[in-house]
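Only one structure is covered here, and it is reproduced in the block below.
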Amino acid sequence: MPAEERPVTLCLVQKLSAATLSRAMMLEAIRYRPGSLQILNQRLLPHQSVHEEIRTVQDAYDAIRSMKVRGASAIAIVGCLSLAVELQAGSAGDDLLSFLRESLAHLTSARPTAANMGRAARELMEFTERESVGRTTEQLRESVIGWIEAMLERDVDDNQKMGNYGAQHILSGVPRDAVSILTHANTGSLATAGYGTALGVARSLHALGRLEHLYCTETRPGGEGARLTAHEAAMEGLPVTLITDSAAALAMRERAFTAVVVGADRVAANGDTAHQVGTYQLAIAAKYHRIPFYVVAPSTSCDLSLGSGRHVVIEERPPVELTSISGLPFAAPGIEVWNPAFDVTPHQLITGGIITELGVFLPSELQAALTGRLTAL
Ligand SMILES: CSC[C@H]1O[C@H](OP(=O)(O)O)[C@H](O)[C@@H]1O
């Protein structure tokens, strides 16, 4: 049943078992308690699990820039938590507004494509300016830390809602069967505060006993699929198969996918979506094979100030990330390289819908949904 004929319904959000949720939290990208922040160095996964201390804003910037921590949601959360750690250590000084403004600008500059860090920076500054009226520096410091810490819980809550909305929407098209889905890049617990976005939909399908199979692309050049998604899924016992990026169109023809489900780094007002490079060609192949294509995006990844994806800044990563694998030279020495980390999928190719924490919407409904003018049925 094509997406445009399927009712966009508010699905029953079913509480996942504690066991399922605790398994999903097994790979914690972020370990935080007041005064202490550690990140899982994702450049070393899956063969080494090493947590590293983040004591300053600069530590966070360096970890984000080098992709030790990555994922639109995780970048914003780690960036903001590094502010909390500095505030708790008393190293921020008494001019909190200046400290926050300069630190947030620096953190936002680490990687330009994902929306979450820039959005969190704007919202945190607006909050702080409001809160600064009539409060002592100590009171303001505590308010700011509370706002930042709330990001962790909100992200996991949003991800669980999206997982369930997405699972129910996909199942609404195949009421009796289990489903097979294809995903790209890493959108799991390693890219968020926990549970994940697109991978969260796979988790919810699995928790409902309705995930026949998950296929993940290797996602060159960084291998986020092969190194991270395959690792997360295998650790939790999801039925998962790794394929090369190049085999994706063939797999769509041979493996009868129910849906292609991917994450998002920045979603424009018309639904155009920036995501890991390779997503655009998956959407083209899905359209050809008439497989519903879903984007999973919390409102924190949406940027309504952009009318379309035409103006999304696409980050280009260092050539060495393409010409070497695990530090070993792979390509012809000295070869010219173009290494965009993201591409933009036009909203016309997002045929299944955009799965948000508010429900599942067609791209044309997104702006109304995010501004409260439309609620899922
Ligand atoms: C909720 S993660 C969204 C998105 O972020 C990742 O990008 P990167 O690994 O380069 O930080 C990837 O595109 C995920 O799908």
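Observations on the model:
- Ranking by accessible area, most exposed first, for Thr375, Thr300 with a 1.4 Å probe: Thr375, Thr300
- ³J(HN,Hα) computed for each position of the range 77-90 - Karplus, 6.51 cos²θ - 1.76 cosθ + 1.60, integer Hz, glycine/proline x: 5, 5, x, 6, 5, 5, 5, 4, 5, 5, 5, 5, 7, x
- Computed with every protein chain present, the accessible area of Cys80 is close to 0 Å² [probe 1.4 Å].
- Residues whose amide H comes within less than 5 Å of that of Leu37, counting only those at least five positions distant or on another chain, are Ile54 (H built at 1.01 Å from N in the peptide plane).
- Residue among Arg154, Arg130, Arg101 with the largest mean-square fluctuation in a Gaussian network model of the chain, springs linking Cα atoms under 10 Å: Arg130
- Dipole size of the chain about its Cα centre, with +1 on Lys/Arg Cβ and -1 on Asp/Glu Cβ: approximately 820 debye, rounded to the nearest 20.
- Part-to-part distance (alpha-carbon centres) for the range 306-377 and the range 146-222, which is given in Å: 17 Å
- Each Lys and Arg adds +1 at its Cβ and each Asp and Glu adds -1 at its Cβ; summed about the Cα centre, the range 62-221 shows a dipole of about 640 debye.
- Estimated [θ] at 222 nm from DSSP helical runs (n ≥ 4, -39500 (n - 2.57)) normalised by residues in the chain, nearest 500: -11500 deg cm²/dmol
- Dipole of the range 77-140, positive end: most advanced residue of Ala84, Ala115, Phe127 [Cβ charges, Cα centre]: Ala115
- When peptides 47-59, 218-230 are ranked by their average number of other Cβ atoms within 10 Å per residue, the highest-first order is 218-230, 47-59.
- Relative contact order [Cα under 8 Å, 6+ residues apart], the range 157-376, whole percent: 21 percent
- Chymotrypsin sites (Phe, Trp or Tyr not before Pro) restricted to the range 289-377 and DSSP loop, no more than 10 other C-beta within 10 Å: Trp338
- Short-range pairs are left out: with C-alpha atoms under 8 Å and at least six residues apart, the relative contact order of the chain is 18 percent.
The values are calculated or read from the model by the stated rules, or taken from the named source; none is laboratory data. This one's a predicted model, so the numbers in the text were calculated from it and none came from an experiment. Counting neighbours? That spans all protein chains shown, and the Cβs are built from the backbone with ideal geometry, glycine included. Note: areas computed on protein heavy atoms with side chains; ligands, DNA, RNA excluded. Shrake-Rupley method; radii C 1.70, N 1.55, O 1.52, S 1.80 Å.
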